[in-house]
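The values are calculated or read from the model by the stated rules, or taken from the named source; none is laboratory data. Bear in mind the structure is a predicted one, so any value in this text is a computation, not a measurement. Methodologically, a virtual Cβ is constructed for each residue, glycine included, from the backbone with ideal geometry; neighbour enumeration extends over all protein chains shown. Side chains are part of the model used for accessible areas, which takes the heavy atoms of the whole protein and leaves out ligands, DNA and RNA. Shrake-Rupley method; radii C 1.70, N 1.55, O 1.52, S 1.80 Å.
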Amino acid sequence: MDEEYDVIVLGTGLTECILSGIMSVNGKKVLHMDRNPYYGGESSSITPLEELYKRFQLLEGPPETMGRGRDWNVDLIPKFLMANGQLVKMLLYTEVTRYLDFKVVEGSFVYKGGKIYKVPSTETEALASNLMGMFEKRRFRKFLVFVANFDENDPKTFEGVDPQNTSMRDVYRKFDLGQDVIDFTGHALALYRTDDYLDEPCLETINRIKLYSESLARYGKSPYLYPLYGLGELPQGFARLSAIYGGTYMLNKPVDDIIMENGKVVGVKSEGEVARCKQLICDPSYVPDRVRKAGQVIRIICILSHPIKNTNDANSCQIIIPQNQVNRKSDIYVCMISYAHNVAAQGKYIAIASTTVETTDPEKEVEPALELLEPIDQKFVAISDLYEPIDDGSESQVFCSCSYDATTHFETTCNDIKDIYKRMAGSAFDFENMKRKQNDVFGEADQ
C-alpha cells in the first residue's frame, strides 16, 4: 500500500466505481478502498435477506414464508436505468454490459385522484388513455408530435417557441393543455420532482420528454431497464473494468486519515500505512467536514406477496405520484421489482416508496404510496440525509460525490459523474474517454 497513485478512490458506490473505471481506462494508476466488506456503499444490494433484517435491527429475522434468504438481493436505493440514458451509454462504451443482464421494466404508471393509470407516452397510447377527455387527447397528441419533431438546431421545427426563452408554462398554454396533463407530462414523462421547471426555458423539458420517448421506443414496454440480481451488480461491473486496467481494490480497509499538505491532498492513511496520491475521489461519508446537508430522503422497502393492484399484474413497474395530487412540493415514487429479476424468492415482490422529506413526520408523507401496496408483508424504513460538497475540489483536489437523490433513475447521478470528471481532468466529459482501448484488455479475450 505504501505506493504513489494518481488517484485514490474511497467508497465503492456507483459514482465512485464508474469514476475509477474511467480513470483506469485513461491510464491513471488507481487505488480504490472501502471501509465496508462489500461493494456498493449506499447503493449496494443486500443479500441474504437475514442481513437486511439485521441492518434494520429486526432481530427476529425473516419468517419461513419469505423463502430462502440467499434468493434475495434487496437494493437500498431504488433506481431504474433509462434505456436511452447516460448510464446505459456508459455501460455500452465501457463494455461493462458483458458482466450484466438486464430486463425491461414492464410499465410506468401515474397517480391521479387516488387511482393509478398507465403513462401514455406514444400518440397511440395517448388516444386510448382514460386519463384525458377526447378533446384533451387531440391537444396532447399535437404536443407530442411537436416534441418529437423538435430539433434545437433547426428553427423550422420551433413553431414560434424560443427554446432558450419561452417558459414551459407558455408551451403548455400554447397547446392549451389542462392541469392533469401538465402534471403527468412534467412528472411522469419529463421526470421532474417539483414544479420549479414551469418557469424555466423549455429546452431542457423538451429534451427530457424526448429522452423518455426514445428510451421507450427501444424496448416498447417502458423506458426503464433493471439489472438481474439487483443494482449492486452495477458498481461491481465498473470495479471489474478498473481492475482489468490495473486498478487496485481493497475492501474492509479502514480509512484513518486523509493527509493534506498546504491545503492539498497528498495521501490516505490506513492501518499505519500511507498511500500517496495527486487526487482523491470519495463519497460524503469519508469527508464529513467537506459536505453540507441538503435535505433528507425517506425510502420504505416493502416486501409483498402480490403484484400491485391495477398494474395488469406487472412483475416490475414504476409509479409516480405527482406532488399536486397529494398537496406536496415533491413527487412520491414507487419502484417495484420481483422474483423475475432474481432479487426475491419465488412469488415475492419488492416495492420501494421514496420521496424528499418535507415535514417532521416523513412516514406519513409516503402514506399515499403505501396505500397502493397493501397488504404489505414487511416494511423497512430508512431516512437518509442528503449531502453535497461545500467546494468544487479545485484547491484541495478532494472531489466528493453527492448523495443519491429521490429520483427513480440515474440521470442525476450521471450528471454528478460528468461534473466531477470535468473538475478533475480540466476538460469536459466525453463518452469517447470511456471506450476500452483496443488490444489492451488484460486477461480478457473477446468473449
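Annotations for the structure displayed:
- Percent RCO, i.e. relative contact order, over segment 119-219, from Cα pairs under 8 Å lying at least 6 residues apart: 29 percent
- Using distinct alpha-carbon pairs, which all enter the 1/r mean, Kirkwood radius of segment 119-219 in Å: 13.6 Å
- Per-residue ³J(HN,Hα) for segment 126-137, Karplus 6.51 cos²θ - 1.76 cosθ + 1.60, θ = phi - 60°, Hz, x for Gly and Pro: 4, 6, 8, 5, 9, 6, 9, x, 4, 5, 4, 4
- What the phi angles of segment 7-13 give under the Karplus curve with 6.51, -1.76 and 1.60, with θ = phi - 60°, is a coupling list of 9, 10, 10, 10, x, 10, x Hz, glycine and proline written as x.
- Computed [θ] at 222 nm, deg cm²/dmol, the chain (DSSP H ≥ 4; -39,500 (n - 2.57); rounded to nearest 500): -7500 deg cm²/dmol
- Only one residue of S316, C302, I77 has its Cα farthest out toward the positive end of the dipole of the chain, where Lys and Arg carry +1 and Asp and Glu -1 on Cβ, and that residue is S316.
- Among the protein heavy atoms, those of T122 account for about 50 Å² of accessible surface (1.4 Å probe, every chain in place).
- Mean separation of Cα contacts under 8 Å, 6 or more apart, over the residue count of the chain: relative contact order %: 25 percent
- Mean separation of Cα pairs under 8 Å and 6 or more residues apart, divided by the residue count, gives segment 205-294 a relative contact order of 12 percent.
- The H on the amide N of Y387, modeled in the peptide plane, is under 5 Å from the matching H of A294, S403, each at least 5 residues off or on a different chain.
- Per residue, the chain exposes 43 Å² of accessible surface when a 1.4 Å probe is rolled over the protein heavy atoms with every protein chain present.
- Sulfur and carbon atoms: percent of accessible area, segment 119-219 [1.4 Å]: 47 percent
- Bridge type composition, the chain - antiparallel percent by DSSP, nearest 5: 75 percent
- Based on the Kirkwood approach, the hydrodynamic radius assigned to the chain is 23.1 Å, with every pair of different Cα atoms included.
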